[in-house]
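Everything below concerns the one structure shown next.
The values are calculated or read from the model by the stated rules, or taken from the named source; none is laboratory data. Note that the coordinates shown come from a computational prediction; the quantities given were computed from them, not determined experimentally. Neighbour counts are summed over all protein chains in view; Cβ atoms, including those assigned to glycine, are modelled from backbone coordinates with ideal geometry. The protein model used for the area step is the full one, side chains on, heavy atoms only, and it has no ligands, DNA or RNA in it. Shrake-Rupley method; radii C 1.70, N 1.55, O 1.52, S 1.80 Å.
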Amino acid sequence: MEQRIGEQQPRYKDLVEHSLGFIYIHGLDGVLEWINAAGAQLLGHDAAAMVGRPLTDFLADSTAVELYLSNIREHGQDQRYIEAVTAAGERRFLQYHNVLISPDDREPYVLGHAQDVTAMVQAQTD
């Protein structure tokens, strides 16, 4: 079974990297460790330039990050809507579902997945 999983790893990597979904990893300190191309493109940044920066650099309400990280630490997951700001200053509404991963051999991290729901939010407010 482990051999079969190992054989599939390149496919999983390709799936995540080429997904249209916004997929990312950050530490419990809120610093971005990895983001796929779709997520970086949505926010108008180069993925490599985003890594190492705090989530607050990309969100409209930086105070929401502390509540979010508290929920992750306490419950091991969090899901809700959040407002992001693109490099051009455009506001985008994201619906996310993030989970805490705690491997035995390294520091815990958060695996996140979000989708852009701006059009849906705007339609509801019009």
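Can you go through ALA114, ALA64, ALA40, ALA84 and tell me which one is within 15 Å of the chain's Cα centre (by Cα), part of a helix (DSSP H, G or I) and modelled with pLDDT of 95 or more? Give the steps one after another, and end with the answer.
Numbers: ALA114 fails: part of a helix (DSSP H, G or I); ALA64 fails: modelled with pLDDT of 95 or more; ALA84 fails: part of a helix (DSSP H, G or I).
One residue alone meets the criteria, ALA40.
Residue-level analysis places ALA88 among those that are of a type outside the set (Lys, Arg), open to solvent by 50 Å² or more (accessible area, probe 1.4 Å) and under 15 Å from THR118 (Cβ atoms). Restricting the first member to region 113-126 and to residues that are surrounded by 10 or more Cβ atoms within 10 Å (Cβ to Cβ), and the second to residues that are part of a helix (DSSP H, G or I) and at pLDDT 90 or above, the beta-carbon pairs closer than 8 Å and six or more apart or on different chains are ALA114/GLY39; ASP116/LEU42. Among the conditions (1) under 13 Å from the mean Cα position of the chain (by Cα); (2) within 22 Å of TYR68 (Cα to Cα), the only one that VAL16 does not satisfy is (2).
Take region 101-111 and flag every residue that is open to solvent by 50 Å² or more (accessible area, probe 1.4 Å) and either part of a loop (DSSP other than H, G, I, E, B) or in contact with a Ser or Thr (Cβ under 7 Å, 6 or more places away or on another chain) (or both). The answer is SER102, ASP104, ASP105, ARG106, GLU107.
Applying a threshold of 9 Å to beta carbon distances and a minimum spacing of six or more residues, or different chains, the list of pairs starting in region 1-30 at a residue that is on the phi > 0 side of the Ramachandran plot and open to solvent by less than 40 Å² (accessible area, probe 1.4 Å) and ending at one that is part of a helix (DSSP H, G or I) and at pLDDT 85 or above reads GLY30/LEU55; GLY30/THR56; GLY30/VAL65; GLY30/GLU66; GLY30/TYR68; GLY30/LEU69.
Part of a loop (DSSP other than H, G, I, E, B), over 14 Å from ALA114 (Cα atoms) and among the charged types (D, E, K, R): does that describe ASP57? Can you show your working first?
Numbers: part of a loop (DSSP other than H, G, I, E, B): no; over 14 Å from ALA114 (Cα atoms): yes; among the charged types (D, E, K, R): yes.
Against the criterion (part of a loop (DSSP other than H, G, I, E, B), over 14 Å from ALA114 (Cα atoms) and among the charged types (D, E, K, R)), ASP57 does not qualify.
Number of residues in region 66-119 that are among the small types (Gly, Ala, Ser) and more than 17 Å from ILE25 (Cα to Cα) equals 4.
The single condition among (1) open to solvent by 40 Å² or more (accessible area, probe 1.4 Å); (2) in a helix (DSSP H, G or I); (3) closer than 16 Å to TYR109 by Cβ that ASN71 does not satisfy is (1).
Here is the figure for region 70-94: residues that are farther than 23 Å from LEU20 by Cβ and among the charged types (D, E, K, R) total 2.
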